[in-house]
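Okay, so here's the structure we're looking at.
The values are calculated or read from the model by the stated rules, or taken from the named source; none is laboratory data. As the structure is a computational prediction, the values presented were derived from the model and not from experiment. We place every Cβ from the backbone using ideal geometry, glycine too, and count neighbours over all the protein chains shown. Side chains are part of the model used for accessible areas, which takes the heavy atoms of the whole protein and leaves out ligands, DNA and RNA. Shrake-Rupley method; radii C 1.70, N 1.55, O 1.52, S 1.80 Å.
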Amino acid sequence: MPDNKKAAVLGSPIAHSLSPVLHRAAYDALGLTGWEYGRHEVDEAGLPAFMAGLDATWAGLSLTMPLKRAVIPLLDGISATASSVEAVNTVVLTADGRRLGDNTDIPGILAALRERGVERVERASVLGAGATASSALAALSRICDGEVTAYVRSAARADEMRGWGERLGVTVRTAPWDDAAEALTAPLTIATTPAGTTDALAAAVPGRPGTLFDVLYEPWPTALAAAWAARGGAVVGGLDLLVHQAVFQVEQMTGRAPAPLAAMRTAGEAALAAR
(Lines give C-alpha, C1' and ligand atoms only; values in the text may rest on other atoms or scores of the structure.)
Protein backbone atom coordinates (compact mmCIF):
# COMPACT_ATOMS: atom_id res chain seq x y z
CA MET A 1 0.00 0.00 0.00
CA PRO A 2 1.54 3.36 -1.01
CA ASP A 3 2.62 5.68 1.79
CA ASN A 4 0.74 8.70 0.45
CA LYS A 5 -2.96 8.42 -0.30
CA LYS A 6 -5.98 10.72 -0.19
CA ALA A 7 -9.57 10.15 0.86
CA ALA A 8 -12.42 12.52 1.69
CA VAL A 9 -16.07 12.89 2.59
CA LEU A 10 -18.34 14.55 0.04
CA GLY A 11 -21.80 16.02 0.48
CA SER A 12 -23.86 19.16 0.81
CA PRO A 13 -23.94 20.52 3.48
CA ILE A 14 -20.70 18.99 4.70
CA ALA A 15 -19.12 21.39 7.23
CA HIS A 16 -20.65 19.51 10.18
CA SER A 17 -19.23 16.11 9.20
CA LEU A 18 -17.24 14.21 11.82
CA SER A 19 -15.79 11.84 9.23
CA PRO A 20 -12.43 13.66 8.94
CA VAL A 21 -11.95 13.40 12.70
CA LEU A 22 -12.67 9.66 12.70
CA HIS A 23 -10.60 8.75 9.65
CA ARG A 24 -7.60 10.87 10.65
CA ALA A 25 -7.64 9.26 14.10
CA ALA A 26 -7.57 5.88 12.38
CA TYR A 27 -4.63 6.88 10.18
CA ASP A 28 -2.71 8.08 13.22
CA ALA A 29 -3.36 4.85 15.12
CA LEU A 30 -2.42 2.72 12.10
CA GLY A 31 0.78 4.68 11.45
CA LEU A 32 -0.37 5.86 8.01
CA THR A 33 1.54 9.12 8.29
CA GLY A 34 1.29 10.03 4.61
CA TRP A 35 -2.48 9.62 4.36
CA GLU A 36 -4.82 12.60 4.14
CA TYR A 37 -8.57 12.79 4.65
CA GLY A 38 -10.45 15.90 3.58
CA ARG A 39 -13.94 17.34 3.35
CA HIS A 40 -15.48 18.70 0.14
CA GLU A 41 -18.77 20.50 -0.45
CA VAL A 42 -20.17 18.70 -3.49
CA ASP A 43 -23.78 18.54 -4.68
CA GLU A 44 -25.38 16.25 -7.26
CA ALA A 45 -24.61 18.63 -10.13
CA GLY A 46 -20.93 18.85 -9.18
CA LEU A 47 -20.36 15.16 -8.50
CA PRO A 48 -19.49 13.96 -12.04
CA ALA A 49 -16.77 16.59 -12.43
CA PHE A 50 -15.33 15.82 -8.99
CA MET A 51 -15.24 12.10 -9.76
CA ALA A 52 -13.61 12.76 -13.14
CA GLY A 53 -10.80 14.64 -11.41
CA LEU A 54 -9.73 11.77 -9.15
CA ASP A 55 -6.31 10.30 -9.91
CA ALA A 56 -4.28 7.34 -8.66
CA THR A 57 -3.41 9.10 -5.41
CA TRP A 58 -7.04 8.66 -4.24
CA ALA A 59 -7.95 5.65 -2.11
CA GLY A 60 -11.62 6.30 -1.45
CA LEU A 61 -14.59 8.51 -0.71
CA SER A 62 -17.21 8.70 2.00
CA LEU A 63 -20.54 10.00 0.72
CA THR A 64 -23.36 11.67 2.57
CA MET A 65 -26.57 13.29 1.37
CA PRO A 66 -27.48 14.06 -1.36
CA LEU A 67 -24.93 11.87 -3.16
CA LYS A 68 -25.68 8.31 -2.05
CA ARG A 69 -27.83 7.52 -5.07
CA ALA A 70 -26.40 10.08 -7.51
CA VAL A 71 -23.00 8.37 -7.44
CA ILE A 72 -24.22 4.96 -8.60
CA PRO A 73 -24.15 5.66 -12.38
CA LEU A 74 -20.57 6.92 -12.01
CA LEU A 75 -19.22 3.65 -10.58
CA ASP A 76 -17.87 0.45 -12.11
CA GLY A 77 -19.87 -1.69 -9.71
CA ILE A 78 -21.63 -1.75 -6.34
CA SER A 79 -21.95 -4.38 -3.64
CA ALA A 80 -25.08 -6.42 -3.00
CA THR A 81 -25.51 -4.52 0.27
CA ALA A 82 -25.51 -1.15 -1.51
CA SER A 83 -27.75 -2.48 -4.25
CA SER A 84 -30.33 -3.68 -1.72
CA VAL A 85 -31.12 -0.09 -0.68
CA GLU A 86 -29.92 1.72 -3.82
CA ALA A 87 -27.53 3.78 -1.71
CA VAL A 88 -23.72 4.03 -1.68
CA ASN A 89 -21.88 5.74 1.16
CA THR A 90 -18.42 4.33 0.37
CA VAL A 91 -16.36 4.37 -2.82
CA VAL A 92 -13.08 2.47 -3.02
CA LEU A 93 -10.64 3.29 -5.84
CA THR A 94 -8.77 0.10 -6.65
CA ALA A 95 -5.17 -0.26 -7.85
CA ASP A 96 -6.40 -1.23 -11.31
CA GLY A 97 -8.48 1.93 -11.63
CA ARG A 98 -11.97 0.67 -10.80
CA ARG A 99 -14.42 2.60 -8.63
CA LEU A 100 -16.46 0.30 -6.45
CA GLY A 101 -19.39 1.32 -4.26
CA ASP A 102 -20.54 -0.15 -0.96
CA ASN A 103 -22.90 0.70 1.89
CA THR A 104 -21.30 0.50 5.34
CA ASP A 105 -24.33 2.02 7.13
CA ILE A 106 -26.08 -1.37 7.16
CA PRO A 107 -23.24 -3.41 8.71
CA GLY A 108 -22.54 -0.36 10.89
CA ILE A 109 -26.05 -0.55 12.36
CA LEU A 110 -25.61 -4.27 13.01
CA ALA A 111 -22.16 -3.81 14.59
CA ALA A 112 -23.40 -1.01 16.86
CA LEU A 113 -26.31 -3.18 18.03
CA ARG A 114 -24.07 -6.22 18.51
CA GLU A 115 -21.73 -4.14 20.66
CA ARG A 116 -24.67 -3.54 23.03
CA GLY A 117 -25.64 -7.20 23.08
CA VAL A 118 -28.46 -7.06 20.54
CA GLU A 119 -27.97 -10.10 18.28
CA ARG A 120 -31.60 -10.94 17.42
CA VAL A 121 -35.02 -9.45 18.18
CA GLU A 122 -38.50 -10.89 17.88
CA ARG A 123 -39.97 -7.65 16.51
CA ALA A 124 -38.94 -4.03 16.01
CA SER A 125 -40.24 -0.57 15.22
CA VAL A 126 -38.84 2.17 13.02
CA LEU A 127 -39.62 5.85 13.46
CA GLY A 128 -39.44 7.66 10.13
CA ALA A 129 -39.24 6.67 6.48
CA GLY A 130 -36.23 8.36 4.90
CA ALA A 131 -32.98 6.94 3.52
CA THR A 132 -31.74 5.88 6.96
CA ALA A 133 -35.01 4.03 7.56
CA SER A 134 -34.41 1.87 4.50
CA SER A 135 -30.93 1.03 5.81
CA ALA A 136 -32.50 0.19 9.17
CA LEU A 137 -34.90 -2.20 7.43
CA ALA A 138 -32.00 -3.82 5.59
CA ALA A 139 -30.23 -4.37 8.92
CA LEU A 140 -33.41 -5.69 10.53
CA SER A 141 -33.83 -8.17 7.68
CA ARG A 142 -30.82 -9.96 9.14
CA ILE A 143 -31.72 -9.96 12.85
CA CYS A 144 -35.49 -9.53 13.27
CA ASP A 145 -37.55 -12.73 13.41
CA GLY A 146 -40.95 -11.05 13.21
CA GLU A 147 -42.75 -7.93 12.09
CA VAL A 148 -41.33 -4.43 11.79
CA THR A 149 -43.76 -1.55 12.34
CA ALA A 150 -42.86 1.72 10.63
CA TYR A 151 -44.42 4.92 11.97
CA VAL A 152 -44.76 7.47 9.18
CA ARG A 153 -46.41 10.80 8.40
CA SER A 154 -48.01 10.13 5.01
CA ALA A 155 -49.61 7.45 2.87
CA ALA A 156 -46.84 7.90 0.32
CA ARG A 157 -44.18 7.20 2.95
CA ALA A 158 -46.16 4.18 4.13
CA ASP A 159 -46.22 2.79 0.60
CA GLU A 160 -42.48 3.42 0.32
CA MET A 161 -41.66 1.55 3.51
CA ARG A 162 -43.85 -1.42 2.59
CA GLY A 163 -42.09 -1.48 -0.78
CA TRP A 164 -38.69 -1.58 0.91
CA GLY A 165 -39.95 -4.35 3.15
CA GLU A 166 -40.98 -6.46 0.15
CA ARG A 167 -37.66 -5.85 -1.53
CA LEU A 168 -35.61 -6.66 1.56
CA GLY A 169 -37.67 -9.62 2.74
CA VAL A 170 -39.04 -7.92 5.87
CA THR A 171 -42.66 -7.98 6.97
CA VAL A 172 -43.42 -4.26 7.36
CA ARG A 173 -46.60 -2.94 8.90
CA THR A 174 -47.13 0.81 8.75
CA ALA A 175 -48.84 3.02 11.29
CA PRO A 176 -49.56 6.76 11.48
CA TRP A 177 -47.12 9.05 13.27
CA ASP A 178 -49.89 9.98 15.73
CA ASP A 179 -49.49 6.45 17.14
CA ALA A 180 -45.70 6.67 17.43
CA ALA A 181 -45.74 6.22 21.22
CA GLU A 182 -46.68 2.59 20.55
CA ALA A 183 -43.30 2.13 18.85
CA LEU A 184 -41.56 2.41 22.19
CA THR A 185 -42.97 -0.90 23.45
CA ALA A 186 -41.02 -2.97 20.90
CA PRO A 187 -37.88 -4.85 22.01
CA LEU A 188 -35.93 -2.64 19.57
CA THR A 189 -36.91 0.85 18.44
CA ILE A 190 -34.87 2.60 15.73
CA ALA A 191 -35.41 6.37 15.47
CA THR A 192 -34.31 7.73 12.08
CA THR A 193 -35.96 11.16 12.18
CA PRO A 194 -34.39 14.67 12.24
CA ALA A 195 -33.47 16.50 15.45
CA GLY A 196 -36.46 17.40 17.62
CA THR A 197 -38.92 15.10 15.88
CA THR A 198 -39.12 12.54 18.68
CA ASP A 199 -38.85 14.93 21.65
CA ALA A 200 -42.58 14.71 22.37
CA LEU A 201 -42.27 10.94 22.76
CA ALA A 202 -39.92 11.20 25.75
CA ALA A 203 -42.88 11.22 28.15
CA ALA A 204 -44.16 7.95 26.66
CA VAL A 205 -41.10 5.78 27.39
CA PRO A 206 -42.40 2.61 29.09
CA GLY A 207 -41.37 1.57 32.57
CA ARG A 208 -39.17 -1.28 31.30
CA PRO A 209 -37.95 -0.24 27.87
CA GLY A 210 -35.96 -2.46 25.51
CA THR A 211 -33.26 -1.02 23.25
CA LEU A 212 -33.41 2.37 21.54
CA PHE A 213 -31.18 3.09 18.54
CA ASP A 214 -31.37 6.84 17.90
CA VAL A 215 -29.32 7.66 14.78
CA LEU A 216 -28.71 11.30 15.78
CA TYR A 217 -25.39 12.31 17.32
CA GLU A 218 -25.91 16.07 17.60
CA PRO A 219 -27.55 17.24 19.79
CA TRP A 220 -26.92 14.35 22.15
CA PRO A 221 -28.55 12.93 24.09
CA THR A 222 -31.90 13.56 22.46
CA ALA A 223 -34.83 14.02 24.81
CA LEU A 224 -36.02 10.53 23.91
CA ALA A 225 -32.59 8.95 24.50
CA ALA A 226 -32.23 10.70 27.87
CA ALA A 227 -35.66 9.56 29.03
CA TRP A 228 -34.93 6.04 27.78
CA ALA A 229 -31.65 5.81 29.69
CA ALA A 230 -33.32 7.21 32.81
CA ARG A 231 -35.76 4.29 32.70
CA GLY A 232 -32.90 1.82 32.48
CA GLY A 233 -33.20 1.02 28.79
CA ALA A 234 -30.22 0.35 26.55
CA VAL A 235 -29.40 3.22 24.20
CA VAL A 236 -27.35 3.09 21.00
CA GLY A 237 -26.56 6.51 19.54
CA GLY A 238 -25.68 8.10 16.25
CA LEU A 239 -22.00 8.33 17.15
CA ASP A 240 -21.98 4.54 17.58
CA LEU A 241 -23.32 4.18 14.03
CA LEU A 242 -20.95 6.81 12.65
CA VAL A 243 -17.90 5.15 14.18
CA HIS A 244 -18.83 1.61 13.18
CA GLN A 245 -19.61 2.51 9.56
CA ALA A 246 -16.34 4.47 9.43
CA VAL A 247 -14.45 1.42 10.72
CA PHE A 248 -15.62 -0.55 7.68
CA GLN A 249 -14.68 2.37 5.40
CA VAL A 250 -11.17 2.64 6.82
CA GLU A 251 -10.62 -1.10 6.42
CA GLN A 252 -11.77 -1.05 2.80
CA MET A 253 -9.86 2.08 1.81
CA THR A 254 -6.57 1.25 3.55
CA GLY A 255 -6.57 -2.54 3.36
CA ARG A 256 -5.69 -2.59 7.07
CA ALA A 257 -7.83 -4.48 9.57
CA PRO A 258 -8.99 -4.23 12.22
CA ALA A 259 -9.46 -0.49 12.17
CA PRO A 260 -8.91 1.18 15.59
CA LEU A 261 -12.49 1.43 16.85
CA ALA A 262 -11.61 2.75 20.31
CA ALA A 263 -9.31 5.50 19.01
CA MET A 264 -11.90 6.58 16.45
CA ARG A 265 -14.68 6.73 19.04
CA THR A 266 -12.52 8.70 21.49
CA ALA A 267 -11.70 11.23 18.77
CA GLY A 268 -15.36 11.55 17.80
CA GLU A 269 -16.44 12.06 21.42
CA ALA A 270 -13.78 14.74 21.92
CA ALA A 271 -14.79 16.57 18.75
CA LEU A 272 -18.46 16.59 19.74
CA ALA A 273 -17.63 17.77 23.26
CA ALA A 274 -15.66 20.68 21.80
CA ARG A 275 -18.57 21.95 19.69
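Using +1 at the Cβ of each Lys and Arg and -1 at the Cβ of each Asp and Glu in the range 1-156, identify which of Ala80, Ala131, Thr90 lies farthest towards the dipole's positive end. It is Ala131.
In this simple spin-label approximation, Arg69 and Leu54 carry label points 7 Å from Cα along the Cα→Cβ vector, and these lie 2.1 nm apart.
Suppose all protein chains stay in the model; what accessible area per residue would a 1.4 Å probe give for the range 70-124, in Å²?
Numbers: 2350 Å² over 55 residues.
Solvent-accessible surface per residue comes out at 43 Å².
Rounded to the nearest 20, the Cβ-based charge dipole of the chain about its Cα centre (Lys and Arg +1, Asp and Glu -1) stands at 260 debye.
Beyond 23 Å, what share of the Cα-Cα pairs of the chain is found? Please give it as a whole percent. Walk me through the numbers before you get to the answer.
On the way: 19960 of 37675 pairs.
For the chain, the share of Cα pairs beyond 23 Å comes to 53 percent.
Each other residue within a Cβ distance under 12 Å of Gly165 adds +1 if Lys or Arg and -1 if Asp or Glu, for a net charge of -1.
Of all DSSP beta bridges in the chain, what percent run antiparallel (nearest 5)? Show your work: numbers first, answer last.
On the way: 7 of 41 bridges.
Beta bridges within the chain, antiparallel portion: roughly 15 percent.
Taking the Cβ-Cβ separation of Arg120 and Glu44 as r and a Förster radius of 41 Å, what is the calculated FRET efficiency to the nearest 0.05? Kindly include the intermediate steps, with their values, before the conclusion.
Values: r = 38 Å, r/R0 = 0.92.
So, using R0 = 41 Å, E works out to roughly 0.60.
Please sort 184-195, 101-112, 49-60, 8-19 by packing, taking for each peptide the average over its residues of neighbouring beta carbons within 10 angstrom, highest first.
Working: 184-195: 21.2, 101-112: 23.7, 49-60: 14.4, 8-19: 18.5.
Packing order, densest peptide first, comes out as 101-112, 184-195, 8-19, 49-60.
Sorting check: for 39-45, 169-175, which peptide has the highest mean count of neighbouring beta carbons within 10 Å, and how do the rest follow?
Numbers: 39-45: 14.7, 169-175: 16.6.
Order by mean packing, descending: 169-175, 39-45.
A helix-only calculation puts the chain at -11000 deg cm²/dmol for mean residue ellipticity at 222 nm, using -39500 (n - 2.57) for each DSSP H run of at least four residues, averaged over all residues. Peptides 126-138, 209-221 ranked from most to least packed give 126-138, 209-221, packing being the mean of other C-beta atoms within 10 angstrom over each peptide's residues.
Using only alpha carbon pairs under 8 Å that are at least six residues apart, calculate the relative contact order of the chain and give it in whole percent.
Details: 539 pairs, mean separation 48.3, N = 275.
That works out to 18 percent.
The accessible surface of the chain, taken with every protein chain in place and a 1.4 Å probe, is 51 percent carbon and sulfur.
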